[in-house]
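In what follows, a single structure is set out as structure tokens and then discussed.
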Amino acid sequence: MAYVSPARVKWATFVFWNFLDPTFRLHFRYYQRKLAVDRYLERLGVVANVGIGVTFGLMFYNLLIARFLLPRSVSSGHSMEENANEVLRVLKYDTTKELPAFLLMRAKREVISKLHVAADKAEVKRQREEVRRLLDSIDQQRLPK
């Protein structure tokens, strides 16, 4: 004896024929094509596969990543050499006596050392303010007694 449902539309049958069965059929076709491509690539050999992989990788990078994910480059009216010479001029370095590359390294070292000094001063100031605040809170706790 079979069960007779009072439902007019059997939801499981509807879901199977309208969603699951088409999905399974598409997946089966995809899997057949994938197997055919895999067998073809196995016959080609390592060098051809590496070439295909590099080609697809470069296409993927240039079409998607470089265009959409990486930030846009800022175009400047000045070249790197002009910018470097301007930095050296502002720092009053003479490029006739030393190579500009060495002068730029020295300038970088000086700028970084000044940044470290500024960071240290800010840290000392923060610690002094914290000590002052703690001393004030200790004094306030002692006063009511």
query: How many of the residues in the stretch 46-97 are assigned to a helix (DSSP H, G or I), surrounded by 10 or more Cβ atoms within 10 Å (Cβ to Cβ) and not aliphatic (A, V, I, L, M)?
result: 15
message: Suppose the filter is surrounded by 10 or more Cβ atoms within 10 Å (Cβ to Cβ) and assigned to a helix (DSSP H, G or I); does residue 43 pass it?
response: no
message: Checking residue 10 against (1) of a type in the set (D, E, K, R); (2) touching a helix residue (DSSP H, G or I) at 6+ places or on another chain (Cβ under 9 Å); (3) surrounded by 10 or more Cβ atoms within 10 Å (Cβ to Cβ), only one condition comes out false. Which one?
response: (2)
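Bear in mind that the values in this text are calculations on the coordinates, not laboratory data. In this text, all values refer to a predicted model and were calculated from it rather than measured experimentally. Methodologically, a virtual Cβ is constructed for each residue, glycine included, from the backbone with ideal geometry; neighbour enumeration extends over all protein chains shown.
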